[in-house]
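Undergrad: Take a look at the following structure, please.
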Amino acid sequence: MSGSYSGVLKATAGVSEKNLYLESYGCQMNFSDSEIVASVMADMGYGVTDELERADVVMINTCSIRENAEQKVRARLQHFRSLKRQKPSLVIGVLGCMAERLKSKLLDQEQLVDLVVGPDAYKDLPGLLEQVQGGQQAVNVLLSREETYADIAPVRLGSNGVTAFVTIMRGCDNMCSFCVVPFTRGRERSRDPQSIVAECLELWQNGYREVTLLGQNVDSYRWKYSQEGPQNSGSESGEIRFSELLQLVAEISPDLRVRFSTSHPKDITDEVLHTMAQYQNLCKNIHLPVQSGSTTVLARMNRTYDRAWYLERVDAIRRILPDCAITTDVISGFCGETEAEHQETLTLMEAVRFDSAYMFAYSERPGTLAARKYPDDVPEETKKRRLSEIMALQDRHSVERNGQEEGQIQEILIEGYSKKSKEDFCGRNSRNKMVVFGAVPGISFGQTVSVRILRSNKATLIGECLVESEVEL
Ligand code: SAH
Ligand code: SF4
Ligand code: F3S
């Protein structure tokens, strides 16, 4: 999950007459959507550039999850506008969740952009761009109950050629009271499993060795089918659930690693855990956002599980998948959170000892249930202090969990050179931990090698490649 909720993806340069510069913020699903956008734009003759000065169209795929995510985008839009003063033909488009949330306000009030496109309207980009090029502003923020972009082959952006995201469902039907996603992404819908398997198979055939299946709540993946069976057997109908989808993707090849995100504690089933146990290529990491350790806070958050339920799900993971890493998301200072409730988050963390966590101070989002129902009454300093307590505790647990991996020999899929040096490779183990080790001549990205873990810190494992084991690769 590293980098899933922040960060910028700059697309790689291409050779084309018309150039699109595309920046992405937010979750992995947004990054995955940008690959759909690049595909739609490629059909119109646009190549993707990473040089802003060469762009004819600038698009920013945005996130609304917290106030500061939107502030970053506004700052970027100001910058793009200053470029437009020098190059009036430049088209500036806002895509994604902020486009959906603010709709035409982005055009009317702020005069920052030409084009506003919500997450379900990317197929309409050709018509919208034409409108803009004809001198008008253009907006399409209609949400859909069906759109899954199943028929669009994504253009892989900024790809390492080894790992890729595959969106399996869109939208969210949960109503967590703090969360803007149901408003920006609309109703939950699952994508046809055949198109998912076809996309994963194609990735495999193109040399990719890991896919991450994406959805806001993958455990509620569901596809109803009905088809004519062979003669005399009549028609067949049934349902494919997430555990069956996992099985279908895992069976593409035992050498294709499969990850998924995000699991919802109320929905993750024992079948999913048993399926993970059955296939070694289903990676042993579950991202299970807890948000709070307090039953009363969870009730106000409308998460529909309580502390005991969450701990029971963790027990099930430990029982069925003893080697599985568990990561989480935590929010500090949600509406009405008392000191005692905050302490319950810390004691839950102590009980679970997460491998890693994304931790946030609560940020009120306009229009959400919480914004309408509860005052945002925990003072900013208190939210920050609680957040730093949560972070300090998580640092200790990350160090402890990573330390437990020292001495192990693990299979690492090489993703590239380490950030710091071309003399080192980096890749992840099944538990999604980044491992750095000395590069070995004759071995390259996309290969899986055995690595002995020598040292660790809170973020990384450091190892040595066991060269003998390459022979079979
Ligand atoms: N679908 C995922 C989460 C998507 S949003 C799930 O249900 O777990 C990613 C994370 O952002 C959430 O898990 C939550 O921890 C955080 N988040 C969402 N809304 C927030 C808000 N208003 N303030 C602070 N953090 C928030
Ligand atoms: Fe937001 Fe809850 Fe849906 Fe996750 S499950 S996207 S937190 S509403
Ligand atoms: Fe952000 Fe939208 Fe994802 S609000 S976290 S980009 S679904």
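Undergrad: Taking the Cα centre of region 287-404 as origin and charging only Cβ (+1 Lys, Arg; -1 Asp, Glu), how large is the dipole, in debye to the nearest 20?
TA: In debye, rounded to 20, region 287-404 gives about 280.
Undergrad: With a 1.4 Å probe and every protein chain left in place, work out the accessible area per residue of region 265-370 in Å², rounded to a whole number.
TA: That works out to 34 Å² for each residue.
Undergrad: How large is the charge dipole for the chain, taken about the Cα centre, if only the Cβ atoms of Lys, Arg (+1) and Asp, Glu (-1) carry charge, to the nearest 20 debye?
TA: Roughly 1160 debye, rounded to the nearest 20.
Undergrad: Could you tell me which of rounded, prolate or oblate describes region 5-140, using a ≥ b ≥ c as the square roots of the eigenvalues of the alpha-carbon gyration tensor, with rounded for a/c under 1.5 and, failing that, prolate when a/b is larger than b/c and oblate otherwise?
TA: Taking the square roots of the gyration eigenvalues as a ≥ b ≥ c, region 5-140 is rounded.
Undergrad: Any idea how far the Cα center of region 88-118 sits from the one of region 386-427, in Å?
TA: That distance is 39 Å.
Undergrad: Could I ask something else about it? For n ≥ 4 DSSP H runs only, could you compute -39500 (n - 2.57) per run for the chain, divide by its residues and tell me the 222 nm figure to the nearest 500?
TA: Theoretical 222 nm ellipticity from helices: -10000 deg cm²/dmol.
Undergrad: Keeping all protein chains in place, calculate the accessible area per residue for region 397-450 (probe 1.4 angstrom), answer in Å².
TA: Result: 47 Å² of accessible area for each residue.
Undergrad: Could you do me a favour and compute the accessible area per residue for region 5-140, 1.4 Å probe, result in Å²?
TA: Counting only protein heavy atoms, the per-residue value for region 5-140 is 39 Å².
Undergrad: Given A38, L248, T382, which one lies farthest toward the positive end of the charge dipole of the chain, if we put +1 on the Cβ of every Lys and Arg and -1 on the Cβ of every Asp and Glu?
TA: T382
Undergrad: Moving to a separate point now. If you roll a 1.4 angstrom probe over the protein chains with everything in place, what fraction of the accessible area of region 287-404 belongs to carbon and sulfur, to the nearest %?
TA: That share works out to 57 percent.
Undergrad: Could you work out what % of the accessible surface of region 132-197 is carbon and sulfur, using a 1.4 angstrom probe and leaving DNA, RNA and ligands out of the count?
TA: 50 percent
Undergrad: Now, a different point. Taking C-beta distances below 4.7 angstrom as the pairing criterion, name the unpartnered cysteines of the chain, in sequence order.
TA: Flagged as lacking a Cys partner: C27, C63, C97, C172, C200, C283, C324, C335, C426, C465.
Undergrad: Would you mind classifying region 263-346 by shape? Square roots of the alpha carbon gyration tensor eigenvalues, ordered a ≥ b ≥ c; an a/c under 1.5 is rounded, otherwise it is prolate if a/b is larger than b/c and oblate if not.
TA: It comes out prolate by the Cα gyration axes.
Undergrad: Let me know the shape class of the chain, please: from the alpha-carbon gyration tensor, a ≥ b ≥ c as square roots of the eigenvalues, rounded when a/c is under 1.5, otherwise prolate if a/b is greater than b/c, or oblate.
TA: The shape class here is rounded.
Undergrad: Leaving ligands, DNA and RNA out of it, report the carbon-plus-sulfur percent of the accessible area of region 409-470 at a 1.4 Å probe.
TA: 52 percent
The values are calculated or read from the model by the stated rules, or taken from the named source; none is laboratory data. Just so we're clear, the structure is a prediction, and the values are computed from it rather than from any experiment. Please note: Cβ atoms are built from the backbone with ideal geometry, for glycine as well, and neighbour counts cover all protein chains shown. SASA here: full protein model, heavy atoms, side chains in, ligands and nucleic acids out. Shrake-Rupley method; radii C 1.70, N 1.55, O 1.52, S 1.80 Å.
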